[in-house]
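Reading through the structure tokens given below for one structure.
Since every read-out is calculated from the coordinates, none of them should be taken as a lab result. Fair warning: this is a prediction, and the values are worked out from it, not measured in the lab. Here the Cβ positions follow ideal geometry from the backbone for every residue, glycine too, while neighbour counts run over all protein chains shown.
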Amino acid sequence: MLGLKLPTDPRWADLAGKSIEEILTDHAYCEQKAASTSISLIQTYPDFVVMVDSLVPIVTEEWGHFKMVLDHLKKRDLKLGRQRKDEYVNQLNKFVRQGGSRTDSLIEKLLFSALIEARSCERFRLLSKNINDEELKQFYKNLMVSEAGHYRLFLDLACNLGGKEKVLNRWDEWLEFEADIMKNLSIRGDRMH
């Protein structure tokens, strides 16, 4: 369904399960950045009315996820740590094409967001199946469904703006690039990506 070319190494979920405070902290900041990214798209492209209308609920949902992750930290008497550099997202950002029309630029940003949501969905699935905390298993199962919806929304918005065939060809390039990133990133249980 997600089309990812390279699955996450299964060892990642084991490592993440051993560092709950770290993975929840990183996850919280990922949700905050997802909300901020949607806000930024709305601010930069307010004339794309369908996109704006579609992203407003995403902002609310992602911020709600941030709050839920904080609640899970507090419930376990853990603290939100400091935000760390996201090497995965930084590497992925290098693939965003610069220049072109405003529509082309928006399509690139939507594909960038779709890919992050797809990888998050896949990682949430792993956590929902492998983490030892039963409450977190259910939490990540619910978030997996949500992230799958976000992934589809971003990809569908891009296809509607640029034409399905053209955008899906570019999407395949994104998937190949992302697989190369995944091959070269170290497996870290303290990072969501």
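Quickly run through region 29-61 and pick out the residues that are of a type in the set (Asp, Glu) and part of a helix (DSSP H, G or I).
The answer is Glu31, Asp53, Glu61.
For region 39-97, enumerate the residues that are surrounded by 14 or more Cβ atoms within 10 Å (Cβ to Cβ), among the hydroxyl-bearing types (Ser, Thr, Tyr) and more than 15 Å from the chain's Cα centre (by Cα).
Answer for region 39-97, where residues must be surrounded by 14 or more Cβ atoms within 10 Å (Cβ to Cβ), among the hydroxyl-bearing types (Ser, Thr, Tyr) and more than 15 Å from the chain's Cα centre (by Cα): Tyr45, Ser54.
List the residue pairs whose Cβ atoms are under 9 Å apart, where the first residue sits in region 1-29 and is among the acidic types (Asp, Glu), the second is outside any loop (DSSP other than H, G, I, E, B), and the two are 6 or more positions apart or on different chains.
Pairs found: Asp9/Met182; Asp14/Asn130; Glu21/Leu73; Glu22/Ala16.
Restricted to region 159-193, and to residues that are charged (D, E, K, R) and within 17 Å of Val96 (Cα to Cα), which residue is surrounded by the most Cβ atoms within 10 Å (Cβ to Cβ)?
For region 159-193, the residue satisfying everything is Glu178.
For region 138-152, state whether one or more residues are more than 13 Å from the chain's Cα centre (by Cα) and crowded, with 20+ Cβ neighbours inside 10 Å.
Yes, that holds for at least one residue.
Quick check, is Glu108 in a helix (DSSP H, G or I), of a type in the set (D, E, K, R) and more than 26 Å from Gly163 (Cα to Cα)?
no
In region 85-105, how many residues are assigned to a helix (DSSP H, G or I) and of a type outside the set (Asp, Glu)?
Matching residues across region 85-105 total 9.
If we keep just the residues of region 1-28 that are of a type in the set (Gly, Ala, Ser) and assigned to a helix (DSSP H, G or I), which is surrounded by the most Cβ atoms within 10 Å (Cβ to Cβ)? Walk me through it before giving the result.
Step one: list which residues in region 1-28 are of a type in the set (Gly, Ala, Ser), which gives 3, 13, 16-17, 19, 28.
The next check asks that each one be assigned to a helix (DSSP H, G or I); those that pass are 13, 16-17, 28.
Numbers: Ala13: 21, Ala16: 27, Gly17: 17, Ala28: 22.
Looking at the filtered set, the residue picked out is Ala16.
Within region 160-193, track down each residue that is outside any loop (DSSP other than H, G, I, E, B) and touching a Leu at 6+ places or on another chain (Cβ under 7 Å).
Leu161, Arg170, Trp171, Trp174, Leu175, Glu178, Ala179, Ile181, Met182, Lys183
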